[in-house]
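The values are calculated or read from the model by the stated rules, or taken from the named source; none is laboratory data. Because the structure is a prediction, the values reported are computed rather than measured. Note: ideal-geometry Cβ built from the backbone for every residue, glycine included; neighbour counts use all protein chains shown. Areas reflect the complete protein model, heavy atoms only, side chains present, ligands, DNA and RNA absent. Shrake-Rupley method; radii C 1.70, N 1.55, O 1.52, S 1.80 Å.
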Amino acid sequence: MRMYDLILKKRNGHELAKEEINYFVSNYTKGSIPDYQVSALLMAIFFQKMNSRETADLTMAMVNSGAILDLSAIEGIKVDKHSTGGVGDTTTLVLGPMVAALGIPVAKMSGRGLGHTGGTIDKLESFEGFSVEMTNEKFIENVNTIKLAVGGQTGELAPADKKFYALRDVTATVDNVSLIASSIMSKKIAAGADCIVLDVKVGDGAFMKTSEAAFELAKEMVSIGKNVGRETIAVISDMDQPLGFAVGNALEVREAIDTLKGHGPKDLFELCISIGSQMVVLAKKADNEEEARKLLIETIESGSALNKLKEFIAAQGGDASLIDDTDKFPKANYILPVVSHMDGYVAKIHAENIGLIAMELGAGRATKESVIDLSVGIVLNKKRGDKVSAGDVIAYVHANDTDKAEDARQNILNNYELVKDYNDNIPLIYGIVKGE
Ligand code: URA
Ligand code: CA
């Protein structure tokens, strides 16, 4: 087999056979096919697309490029949750403890942020001492005793995805349905959970900009899960504005803690309950979503979810006292208001740009090697549909560099669109895709 022939075949719009897909995945992972040929193939896939059969074969080729975690030593139905990537998205930090507080084992593999999207591991490192480094045995033990553990994607699991993702990131080939579906599902399948709940984001701050594309991605992933015997449900949710108010690592952790204390942002809370209730039903702890919602809300009201967060942070080496004393989180030196000089209603907040502005402040990584500043970011004060008068603060910039703070202030203003009349017609949840 020659890589040249596979590139040509896909370039001309033909289907790749399973053996051909296995060939380029395994040889690229081994290092025997150069980046430039794989880049060309990825671009051909981007334009010519893959069908569902090819996407499923690509997924399994990536799963088989490394180890598959054996979680059979964990009692109960293990659920995993994954988001396709958003701005200010703190759901895992809220959901994990809520679901675990109901006795459901949550074995979560998380990633770091890249570009305009944040990553759960970076956020968790706002807790001094917190680490995702642990043996598989320790991971399993923590899930058995605490019901919640967060691990990093080690080189062992789906190593092909790691290589492909890095290459896609620099060749403008990330936002293709088959490539995203196979990337996410290969990691989830290799990570060993019994059921998977996906949060597929749609809008300006998401990879999928339209609801059609998001539903297509959701259906593709749900069908891959079904084919390999991992029940998968996808919730399609809004990412046309950042989720909640906070964008930035320690700022988002504080927002998650507020939510677990019962006074978090409405959209974040509602999304957590929606995704969480799917997880609870899949884990067979409730017969239906209505019952699951009630159980989840109880974990907030009783404080059991907040206690679960403390147990989990402490078990992975973090300083859990920060949960009661949130002033101890890393704090930026400057907190500057962004003031509107116009009247109107907020019609749009460009989420991707807000993510990029936070990244410029130091909250995210421009390249994989960048070191992030946990304390900086943006806290929105006005969201879509809110009324704004000239002189109102629409957001706060948390920065450690005054020049960067000034740039951020101006850029945030430019990324708010105000109108005279506004009717909000963007739902928080667009729909739910299930196997049947
Ligand atoms: N998240 C992933 O893990 N992979 C993608 O391709 C896109 C988002
Ligand atoms: Ca947020």
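Among the residues of the stretch 163-217, count how many are surrounded by fewer than 20 Cβ atoms within 10 Å (Cβ to Cβ) and either within 16 Å of ligand 2 (Cβ to nearest atom) or on the phi > 0 side of the Ramachandran plot (or both). Going through the stretch 163-217 one residue at a time, the tally reaches 1.
Among the residues of the stretch 55-86, those that are within 16 Å of ligand 1 (Cβ to nearest atom) and under 29 Å from Asn307 (Cβ atoms) comprise Asp80, Lys81, His82, Ser83, Gly86. His341 passes every criterion in (1) in contact with a Ser or Thr (Cβ under 6 Å, 6 or more places away or on another chain); (2) surrounded by fewer than 16 Cβ atoms within 10 Å (Cβ to Cβ) apart from (1).
Can you name every residue in the stretch 89-103 that is in a loop (DSSP other than H, G, I, E, B) and surrounded by 24 or more Cβ atoms within 10 Å (Cβ to Cβ)?
Residues of the stretch 89-103 in a loop (DSSP other than H, G, I, E, B): 89-90, 102-103.
Listed by number, the residues that qualify are Asp89, Thr90.
Reported count of residues in the stretch 166-175, each being at pLDDT 90 or above and either over 19 Å from Lys49 (Cβ atoms) or assigned to a helix (DSSP H, G or I) (or both), is 2. Pairs under 9 Å by beta carbon, first residue in contact (Cβ under 8 Å) with a residue 12 or more places away in the chain and open to solvent by less than 10 Å² (accessible area, probe 1.4 Å) in the stretch 76-88, partner within 16 Å of ligand 2 (Cβ to nearest atom) and of a type in the set (Phe, Trp, Tyr), six or more apart or different chains? Within 9 Å, the pairs are Gly88/Phe245.
Scanning the stretch 18-49 for residues that are surrounded by fewer than 17 Cβ atoms within 10 Å (Cβ to Cβ) and among the small types (Gly, Ala, Ser) yields Ser26, Gly31, Ser32. Annotation: of all residues in the stretch 133-144 being touching a residue at least 12 places away in the same chain (Cβ under 8 Å) and polar (S, T, N, Q), the one that is nearest to Lys78 (Cα to Cα) is Asn144.
For the stretch 207-295, give me every one of the helices (runs of 4 or more DSSP H) that falls completely inside it and has 1 or more residues that are farther than 28 Å from Ser183 by Cβ.
Details: elements: 211-227, 249-260, 266-282.
Qualifying helices (runs of 4 or more DSSP H): 249-260, 266-282.
Annotation note: Cβ proximity below 9 Å between a residue of the stretch 294-305 that is surrounded by 13 or more Cβ atoms within 10 Å (Cβ to Cβ) and a residue that is basic (Lys, Arg) (sequence gap 6+ or interchain) occurs for Leu295/Lys285; Thr299/Lys308; Ile300/Lys261; Gly303/Lys261. With Thr259, Thr232 as the choices, which residue is within 16 Å of ligand 1 (Cβ to nearest atom) and more than 15 Å from the chain's Cα centre (by Cα)? Being within 16 Å of ligand 1 (Cβ to nearest atom) and more than 15 Å from the chain's Cα centre (by Cα) holds for just one of Thr259, Thr232, which is Thr232. Considering only the stretch 113-136, state which residues are within 17 Å of Pro330 (Cβ to Cβ) and away from ligand 2 (no atom under 16 Å from the Cβ). Result: Ile121, Glu125, Phe127, Glu128, Gly129, Phe130, Ser131. A Cβ distance below 7 Å, combined with a sequence gap of six or more or placement on separate chains, defines the contacts here; from the stretch 1-19, residues that are outside any helix (DSSP H, G or I) reach residues that are buried (at least 17 other Cβ atoms within 10 Å of the Cβ) in the pairs Met1/Glu20; Met1/Tyr23; Glu15/Glu54; Leu16/Leu6; Leu16/Lys9; Leu16/Lys10; Leu16/Glu54. Residues of the stretch 50-68 that are outside any helix (DSSP H, G or I) and either surrounded by fewer than 21 Cβ atoms within 10 Å (Cβ to Cβ) or touching a strand residue (DSSP E or B) at 6+ places or on another chain (Cβ under 6 Å) (or both): Asn51, Asn64, Gly66, Ala67, Ile68. Only residues that are hydroxyl-bearing (Ser, Thr, Tyr), more than 16 Å from ligand 2 (Cβ to nearest atom) and farther than 16 Å from Ile184 by Cα were counted across the stretch 65-112, and they come to 1. In summary, Glu311 fulfils each of the numbered conditions (1) part of a helix (DSSP H, G or I); (2) within 16 Å of ligand 2 (Cβ to nearest atom); (3) over 15 Å from His82 (Cα atoms) with the single exception of condition (2). Cβ-Cβ distances below 6 Å connect the following pairs, each with a first residue in the stretch 234-255 that is closer than 14 Å to Ser126 by Cα, a second residue that is more than 8 Å from ligand 2 (Cβ to nearest atom) and acidic (Asp, Glu), and a separation of six or more residues or different chains: Asn249/Asp122.
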